[in-house]
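Notes follow the structure.
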Amino acid sequence: MNKYTEDDLREELKTKEYEYGFYTDIESDTFPIGLNEDIVKAISLKKEEPEWMTEWRLESFRAWKEMIEPEWANVNYVKPDFQAISYYSAPNSKPKYDSLDEVDPELLATFEKLGISLDEQKKLAGVAMDVVVDSVSVATTFKKTLNEKGIIFCSISEAIREHPELVKKYIGTVVPQKDNFYAALNSAVFSDGSFCYIPKGVRCPMELSTYFRINQAGTGQFERTLLIADEDSYVSYLEGCTAPSRDENQLHAAVVELIALEGAEIKYSTVQNWYPGNSEGKGGVYNFVTKRGICEKNAKISWTQVETGSAITWKYPSCILKGDNSVGEFYSIAVTNNFQQADTGTKMIHLGKNTKSTIISKGISAGKSQNSYRGLVQISSRADNARNFSQCDSLLMGNECGAHTFPYIEAKNKSAIIEHEATTSKIGEDQIFYCNQRGIDTEKAIALIVNGFSKEVLNKLPMEFAIEAQKLLEISLEGSVG
Amino acid sequence: MELKEKLISSFLAFENHVDIDSPIHDVRSEAIKIFETQGFPTKKEEAWKYTSLNSILKHDYSVFPKNENTIEYNDVKKYFIHDIDSYKIVFIDGKYSSHLSQTTHDGIDVCLMSSALNKPKYQLIIQNYFNKIASKDSLTSLNTAFSQEGAYIQIPKNKVVDKPIQIIHFSTGNESALMQQPRNLIVVNENSHVQIIERHQSLTENPVLTNSVTEIFANKRAIIDYYKVQNDNEHASLIDNTFINQKQESHCSVHTFSFGGKLTRNNLNFYQNGERIDSTLKGVTIIGNKQHVDHNTLVHHIEPNCESHQDYKGIFNDSSTGVFNGKVVVNKEAQKTNAFQANNNILVSDKASINTKPQLEIFADDVKCSHGCTIGQLDENAMFYMRSRGIPEKEAKGLLMYAFSNNVLNSVKIPEIKQRITKIIATKLGVNIGFDL
């Protein structure tokens, strides 16, 4: 037993294949590949969108054409050919279902394999799921309960049709169309996503949750999430992803916008486990995500993420602390293995007075992967008494991987207090020895240590999700997480 | 004419009075080409994101001073660490000043770059060391292209240099605007030990731009202590590029004291080419008005079992801006590296700003690397404690700020420098720190 060493673990990590790599054979309604104004218009038409939306998409598309792909991130990859992607794909079994029984059984089986059987979720977790397979939401549960409270939780296409005033008011206010290359692309072609509105003073009674899956070969998925928490409301939102094993690189360019109005609180948790490519670094998802939230007075936004998948991750969930006394938080675990590359972190923009932000980032790299933390803490000149605490810890397994930190700190106010700390280490021999001494074998010891290393972040996940997160960590670091 | 064009055309004139057949000249020609293609760095470049050279490049600098200027020792005595015996290499407007200097060839070489470049007996060393570790970026290349004068220090094996060496650059202001490009080469052989003090001083309010490059080679078990005193007036700008190549078991420390200058940019690069090396990079920055100080450091850990310590403190007043961009790279082979980096800042005024970016790039697993960075204020409790005991606010603040920068002063090995720096800090903070060291 005690012969299990870090080398064995590394060996195991190398050979561990993606467990959830299966492919559901559902007939899909897919557009021809390529991107031009006609495709953008066609997507809009398909979604039965009003004219202003079509125009908004076209505007984004025109801006996108002028933009160039960013290259500053610490990642290397073959750039996707944006003309070789199909920009729309929806499961064929239409129209929408009223109950679960009507859902394509094959699809249900898929979810079961993932361990997220809808029925089970319903009964046990009390989680309302807005399940997105490829691009169209196929089942929405607990809608009734939410309706009673006046909470709107639906797909973004439905929201565009039924609540245009809300969408029109807020879409693109946090992540403008021209914000960056991928955000512009997403704004032009987003196929679906979730929309959520919590009315004034309402505390959302359950964790809202949505699942995204990339299912059809060669279809990039471009979700758009818009979450609005009106004054003094509270919502906890969960997002999780798994994708089937495929050799072709898949592109995922999502945009998430959070709006926390005065006194509101949003907790946004993500478990990301897109297909990371095989042990030779072939295939895997390109994950280029723009996530940003804006906090009005006394509001709070908390991002928690567990990143275990994707060949390339490029993701910086950010908070604009616009209102006085607003709070931003970012908790992240990023695990990379084999040839995965992650460049992730956060931006905390302090604009209001007495704003506070906390950043806890844990990076674990194994195999030949590269794991970077890139963050910005910016204190504007009128952000009196702003406070920031950042901590970035990296754990390295093996000497072929890399861990990098690129923190940017810009302070323009004398009353700001900013602390930044970063450490890089491996699992200490003394730590393992200590455990061995007390009769804990090496495998369990490593599990214990990695678990302890990530605890600060895992603790921030909602109960229902913490279990899922642990499950997903297992795939990346099998044998090391108990 | 833009400064860039002026420099490129000056290069042709420069070629007229240097030996263009020497191998060094090929290095120069190549360097000017690099500068020509890259030009001056702009804010679009990641390394210059927070520092703009625009304000200092607009002057019409003369590249070669027309006449030789002299100054009296008594007028500039205060700029020397004059209470200790030392070797001195003094330049006035970029030209060597023999009557202020005290050089030697007795056992060690403390002399001039120009003679090292021209005399055959130094040829071998120039061939082996000149421009070997200087990077190929545009400003360093610009200096390489015009490299002609500067300090040349060569210490043979097993030699402890008996007294510190002072390198001082004065600019007289006889030119309306002057650009100088000193080039220094320091080679310290096995088991030797040397202490060097470098200072740039402008004597009038005419703008001066100094683009300096220093290459330092520390061979096995060498010990080098380098002190940079930057307390120039607010019309002088300095771009200092220092490259240090360390061999096994050598110890190098660079202390940078930035108290003045309009714009100061310190590019400090350490390359650890051997095992069990120790590198120390420390700095204190206390500035006000519209001054700008940018510390850009790199420590590259190439081999195992090495250490590096970085500790930079900054106090920023008025509309000053500070930049710290520290980078630690640990190669895959460099196991058991111990790298530590700290950057602490105090903003005294609302108009002051600080941008800091401490980076780690780590490719080895068995390492201990950490960096810490803080921006904050003076401890209110400590202030209250002192004021309740009758210490006036100003004094109390001064004491706290002195204490804040004290860590860096602790490792200064020449007491006279420590004293001098303490005095400068006291003047800067406007208090009389009434205790001796």
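Read-outs: derived from the displayed coordinates by stated rules, not from any lab. None of these values were measured; they are calculated from a predicted model. Heads up, the Cβs are rebuilt from the backbone with ideal geometry, glycines too, and the neighbour counts pull from every protein chain shown.
Over the C-alpha atoms of the stretch A:293-441, the Rg to Rh ratio, Rh being the Kirkwood estimate, stands at 1.07. The average projected area of the stretch B:378-437, computed from the convex hull of its Cα atoms over all directions, is 4.0 nm².
Ranked for footprinting exposure by Cβ neighbours inside 10 Å, fewest first, A:Thr424, B:Thr37, A:Thr304, A:Thr225 give B:Thr37, A:Thr225, A:Thr304, A:Thr424. Put simply, chain B fits an ellipsoid with semi-axes of 33, 26, 23 Å; these come from the alpha carbon gyration tensor as the roots of five times its eigenvalues, largest first. Residues whose amide H falls under 5 Å from that of B:Thr214, counting only those 5 or more places apart or on a different chain, are B:Asn184, B:Asn241, B:Thr242, B:Phe243, with hydrogens built in the peptide plane.
Computed 3J(HN,Hα) for the stretch A:307-312, one whole-Hz value per residue from the Karplus formula 6.51 cos²θ - 1.76 cosθ + 1.60 where θ = phi - 60°, is 10, 10, x, 6, 5, 10, glycine and proline marked x. Across the protein assembly as shown, the convex hull enclosing all Cα atoms gives 186 Å³ per residue. Listed from fewest to most Cβ neighbours within 10 Å, the set A:Thr290, A:Thr336, A:Thr358 follows the order A:Thr358, A:Thr290, A:Thr336.
Between B:Leu57 and A:Ala466, the FRET efficiency from the beta-carbon distance, with R0 = 56 Å, is close to 0.50.
Residues whose amide H falls under 5 Å from that of B:Gly288, counting only those 5 or more places apart or on a different chain, are B:Asn317, with hydrogens built in the peptide plane. Pairs exceeding a 32 Å alpha-carbon distance, out of A:Lys322/B:Lys351; A:Lys79/B:Lys327; A:Lys291/A:Lys353; B:Lys33/B:Lys78: B:Lys33/B:Lys78.
For the residue pairs A:Lys169/A:Lys267; A:Lys178/B:Lys4; B:Lys228/B:Lys290; B:Lys247/B:Lys413; B:Lys228/B:Lys262; B:Lys43/B:Lys66, the C-alpha atoms sit more than 24 angstrom apart in A:Lys178/B:Lys4; B:Lys43/B:Lys66. For the stretch B:366-437, applying the loop criterion from DSSP together with a ceiling of 12 other beta carbons within 10 Å to the chymotrypsin sites (Phe, Trp or Tyr not before Pro) yields B:Phe435.
Using C-alpha pairs under 8 Å with a sequence gap of at least 6, the mean separation divided by the residue count of chain B gives a relative contact order of 9 percent.
For the stretch A:345-388, applying the loop criterion from DSSP together with a ceiling of 14 other beta carbons within 10 Å to the trypsin sites (Lys or Arg not before Pro) yields A:Arg382. Mean residue ellipticity at 222 nm, helices only, the protein assembly as shown: -7000 deg cm²/dmol; runs of at least 4 DSSP H residues each add -39,500 (n - 2.57), and the sum is divided by the number of residues. Calculated from the alpha-carbon coordinates, the stretch B:58-126 shows an Rg and a Dmax of 14.9, 45 Å respectively. Between the beta carbons of B:Ala13 and B:Asn410, assuming R0 = 60 Å, the FRET efficiency works out to 0.80 to the nearest 0.05.
Sequentially through the stretch A:32-39, phi angles give Karplus couplings (6.51, -1.76, 1.60; θ = phi - 60°) of x, 6, x, 9, 8, 4, 5, 5 Hz, Gly and Pro residues having no value and appearing as x. Distances between placed amide hydrogens fall under 5 Å for B:Ile89 paired with B:Gln102, B:Gln166, B:Ile167, B:Ile168, all partners being 5 or more residues away or on another chain.
With 20 Å as the cut-off, how large is the P(r) tail for the stretch A:259-318, expressed as percent of Cα-Cα pairs?
40 percent
All distinct Cα pairs of the stretch B:246-359 go into the 1/r average, and the inverse of that average, the Kirkwood radius, is 14.5 Å. Assuming R0 = 45 Å, what is the FRET efficiency of A:Lys149 and A:Glu280, from their Cβ-Cβ distance, to the nearest 0.05? Efficiency for this residue pair is about 0.35. Residues in the stretch B:153-160 carry Karplus couplings, in order, of 10, 9, 10, x, 4, 6, 10, 9 Hz; the curve used is 6.51 cos²θ - 1.76 cosθ + 1.60 with θ = phi - 60°, and Gly or Pro positions show x.
A straight Cα-to-Cα reach below 20 Å connects A:Lys144 with the lysines A:Lys96, A:Lys122, A:Lys123, A:Lys200, residues fewer than 8 places away in its own chain not being considered. Taken over the Cα atoms of the stretch A:313-355, the convex hull encloses 45 Å³ per residue.
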